1. Against the condition of a type in the set (D, E, K, R) and either in contact with a helix residue (DSSP H, G or I) (Cβ under 9 Å, 6 or more places away or on another chain) or open to solvent by less than 40 Å² (accessible area, probe 1.4 Å) (or both), how does Lys18 come out, does it pass?
2. Give the number of residues within region 25-38 that are touching a residue at least 24 places away in the same chain (Cβ under 8 Å) and either within 22 Å of Lys64 (Cβ to Cβ) or among the hydrophobic types (A, V, I, L, M, F, W, C) (or both).
3. Could you tell me whether Ile6 is in a helix (DSSP H, G or I) and either open to solvent by less than 70 Å² (accessible area, probe 1.4 Å) or modelled with pLDDT under 95 (or both)?
4. Pick from Glu66, Glu12: which is open to solvent by 80 Å² or more (accessible area, probe 1.4 Å) and in contact with a Pro (Cβ under 6 Å, 6 or more places away or on another chain)?
5. Between Val34, Val24, which is among the aliphatic types (A, V, I, L, M) and open to solvent by 70 Å² or more (accessible area, probe 1.4 Å)?
Amino acid sequence: NWQNIIHDGFHECMRVLKPNGTLVFKWNEHDIPVSEIIKAIGHQPLFGHKSGKLQKTHWLCFMKEEK
């Protein structure tokens, strides 16, 4: 189940980040749209950028909140 793999991997990355740390996430929409990835991880990016010839590669920036 790819949704669980993406979710768990993202949350592990956020776990090891220091407070206010940033995570840059790259995704290509060849098979799965980025909207499905955001839904699976359960967090909205601070901002993102499309790139590539077909605008299918997405760079997303997330930040770990201070607790």
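The values are calculated or read from the model by the stated rules, or taken from the named source; none is laboratory data. None of these values were measured; they are calculated from a predicted model. Reconstructed Cβ throughout: ideal geometry from the backbone, glycine too, with neighbour counts over all protein chains shown. In case anyone asks, the SASA skips ligands and DNA or RNA and just uses the protein heavy atoms, side chains included. Shrake-Rupley method; radii C 1.70, N 1.55, O 1.52, S 1.80 Å.
1. So Lys18 does not fit the description; no.
2. Qualifying residue count, region 25-38: 6.
3. Against the criterion (in a helix (DSSP H, G or I) and either open to solvent by less than 70 Å² (accessible area, probe 1.4 Å) or modelled with pLDDT under 95 (or both)), Ile6 qualifies.
4. Glu66
5. Residue meeting the stated conditions: Val24.
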